[in-house]
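Each remark here refers to the structure printed beneath this line.
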Amino acid sequence: MPEKFIFKPSDLATLKDNYDLVIIGSGGAGLTSAIQARELGLHPVILEKMDKIGGNTTRASSGMNAAETTVQLDHQIVDSFQDFYRETYNGGGKLNNVELLKYFTEHGALAIDWLAQHGIKLDDLTITGGMKVMRTHRPSSLAPIGGFLVSELLKQADRLNIPVFTGVKVTKLEADDDQITGIQAVANQHEINIKTSAVILASGGFGAGAELLKKYRPDLAKYKTTNQPGATGDGIALAEKIGAKLVDMDQVQIHPTVQQDTDHAYLIGEAVRGEGAILVNRDGKRFVNELDTRKKVSGAIDDLDGTGAWLIFDQGIRDRVKAVEFYDHIGLVKTGASVAALAESTGLNADNLKQTVEKWNGFVEKHNDSEFGRATGMDRNIAKEPFFSIHIAPAVHYTMGGVGINKETQVLKNDGITIKGLFAAGEVVGGLHGNNRIGGNSIAEIVVFGRQAGQQAFKYLN
């Protein structure tokens, strides 16, 4: 059995005072942009304020959306950029930045190929809410996409000798006449000054940022968050201080299925529903199309008077979502040898739940949900014992707002002029998703625009 790869952050004593390119954030966007830039000949450095590498990417579980891929054809799925664009546009309330959306939907397949060229193969498919075809790519091991992707990208960073420093918080972007000249940072209570002509912001959103949430969405103060503690919007604030435009800052996504009966909120990935799970209320009855947009499903759960809802699934669905093993390991899953036994262990009405599952299985057989109009995630019924439930409720998950960029990932000022040498990719960016992000699009975004940021930084510096 091969030895498990463990990435060791760079020794702070080796941090230089001058780099071609400084990348702020070590999540998927930061790692992708660094690898792309290094392979083009630059010498980038990644600065991460947290002790742990990976940011919110490590918490992603479902997959990466892309259209017109060879993987889809291998699975006999014919897709199109146009359908991907239209479904994302509709899912975002038609408020998406169309320039970014067009680039995004037309470059997902290339991003899948780029990953495969680096030995990162996403050759299995599932589906998420708001999509009509299977375009959510994931590894054939069915491992949660986030941890898998970060681990594999770190192998590439290690191969390329890209320095990654943890515990280094960037406190200021230095700019002269709207042109990046360097950064200021703090590490171990020591101030650091680094000269650079290019910076990529890959610092994530503000889903765990109480200050920004209170400013832009005070109505969400009561919600728990699925975000890692470092997602406080630092990069957004850094960019704003040197004149960057902020867009859609009030657009915050609530994820519908988050287990929060414990001290920590655990996101239950959309792949559970994508592979066939249903949602029921405390009476054991379905109440929504489980694979409608996250916004609509969250709203339907919120309308249940604070009781939350329950995901119901069987062993067949569990076999298709390896993340359930983790959920069960930490005590989030209830089990029953039969549907009636599951209802008893979960505290639901047994007769109603049996009727609900039987009705659902009939819908699956006919591939026609006459009750709520669900048309996807119906490839398998709920009939293989044992049966499982997870109690969930909505929580703050993703911030669609952030800095304004163009399709070259150049950060813009309010007048549309670019801040020379400043690029941004990932959740720190606003505008791509409109008022609702489709599941699977965040991983796609970090790879598509992470690559673009690395390429454009190279182009700018040369």
Considering only residues of region 292-326 that are among the aromatic types (Phe, Trp, Tyr) and open to solvent by 10 Å² or more (accessible area, probe 1.4 Å), which is nearest to the chain's Cα centre (by Cα)? PHE326
Which one of ARG380, ARG374 is touching a residue at least 12 places away in the same chain (Cβ under 8 Å) and open to solvent by 40 Å² or more (accessible area, probe 1.4 Å)? ARG380
When ILE127 is run through (1) within 30 Å of GLU68 (Cβ to Cβ); (2) open to solvent by 50 Å² or more (accessible area, probe 1.4 Å); (3) in contact (Cβ under 8 Å) with a residue 24 or more places away in the chain, the failure sits at (2)
Could you say which residue among ARG273, ARG286 is in contact with an Asp or Glu (Cβ under 6 Å, 6 or more places away or on another chain) and either touching a residue at least 12 places away in the same chain (Cβ under 8 Å) or of a type outside the set (Ser, Thr, Tyr) (or both)? ARG273
How many residues of region 130-152 are open to solvent by 10 Å² or more (accessible area, probe 1.4 Å) and over 27 Å from GLU39 (Cβ atoms)? The answer is 5
Residues that are farther than 20 Å from SER151 by Cβ, touching a helix residue (DSSP H, G or I) at 6+ places or on another chain (Cβ under 8 Å) and open to solvent by less than 10 Å² (accessible area, probe 1.4 Å), drawn from region 15-41: LEU21, ALA37
Qualifying positions in region 338-351 - crowded, with 17+ Cβ neighbours inside 10 Å and in a helix (DSSP H, G or I): VAL339, LEU342, ALA343, THR346, ALA350
Counting only residues that are open to solvent by 70 Å² or more (accessible area, probe 1.4 Å) and under 18 Å from SER26 (Cβ atoms), region 168-187 contains a total of 1
Please go through region 96-111 and pick out each residue that is open to solvent by 10 Å² or more (accessible area, probe 1.4 Å) and either outside the structural domain of GLU68 (by the TED database) or outside any loop (DSSP other than H, G, I, E, B) (or both). VAL98, GLU99, LYS102, TYR103, GLU106, HIS107, ALA109, LEU110
Which listed residue, of LEU149, LEU125, LEU173, is aliphatic (A, V, I, L, M), under 19 Å from the mean Cα position of the chain (by Cα) and in a strand (DSSP E or B): LEU125
Taking region 142-159 and keeping only residues that are modelled with pLDDT of 95 or more and closer than 17 Å to ILE317 by Cβ, one is left with none
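Rundown of residues vs (1) open to solvent by less than 40 Å² (accessible area, probe 1.4 Å); (2) modelled with pLDDT under 95; (3) among the acidic types (Asp, Glu), yes/no style:
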{"site": "ASN193", "(1), (2), (3)": "no, no, no"}
{"site": "GLY207", "(1), (2), (3)": "yes, no, no"}
{"site": "ARG217", "(1), (2), (3)": "no, no, no"}
{"site": "TYR223", "(1), (2), (3)": "no, yes, no"}
{"site": "ASP250", "(1), (2), (3)": "no, no, yes"}
{"site": "THR262", "(1), (2), (3)": "no, yes, no"}
{"site": "GLY276", "(1), (2), (3)": "yes, no, no"}
{"site": "ARG286", "(1), (2), (3)": "yes, no, no"}
Inside region 153-167, can you point out the residues that are open to solvent by 30 Å² or more (accessible area, probe 1.4 Å) and either within 24 Å of ALA323 (Cβ to Cβ) or not in a loop (DSSP other than H, G, I, E, B) (or both)? LYS155, ASP158, ARG159, THR166
Which of the residues that make up region 11-28 are of a type in the set (Gly, Ala, Ser) and either outside the structural domain of THR57 (by the TED database) or free of Cβ contacts under 8 Å to residues at least 60 places away in the same chain (or both)? ALA13
For region 54-89, which residues satisfy the criterion of being without any contact (Cβ under 8 Å) to a residue 12 or more places away in the chain and closer than 12 Å to ILE438 by Cβ? ARG86
Looking at (1) of a type in the set (D, E, K, R); (2) on the phi < 0 side of the Ramachandran plot; (3) part of a loop (DSSP other than H, G, I, E, B), which one does ASP305 not meet, given that it meets all the others? (2)
Return yes or no: is GLY430 out of contact with any Asp or Glu (no Cβ under 6 Å at 6 or more places or on another chain), in contact (Cβ under 8 Å) with a residue 40 or more places away in the chain, assigned by the TED database to the domain that holds THR196 and on the phi < 0 side of the Ramachandran plot? no
Test LEU432 against the stated conditions and say whether it is aliphatic (A, V, I, L, M) and either in a strand (DSSP E or B) or over 16 Å from the mean Cα position of the chain (by Cα) (or both). no
Starting from residues that are touching a helix residue (DSSP H, G or I) at 6+ places or on another chain (Cβ under 6 Å) and among the basic types (Lys, Arg), keep the ones in region 405-462 and report whichever is most open to solvent (accessible area, probe 1.4 Å). LYS407
Only listed residue being outside any loop (DSSP other than H, G, I, E, B), modelled with pLDDT of 95 or more and under 16 Å from ARG135 (Cβ atoms), chosen from ARG38, ARG86: ARG86
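The values are calculated or read from the model by the stated rules, or taken from the named source; none is laboratory data. Keep in mind the model is a prediction, meaning the values are calculated, not measured. Cβ: placed from backbone, ideal geometry, glycine included. Neighbour counts: every protein chain shown. Only protein heavy atoms, including side chains, enter the accessible area calculation; ligands, DNA and RNA are left aside. Shrake-Rupley method; radii C 1.70, N 1.55, O 1.52, S 1.80 Å.
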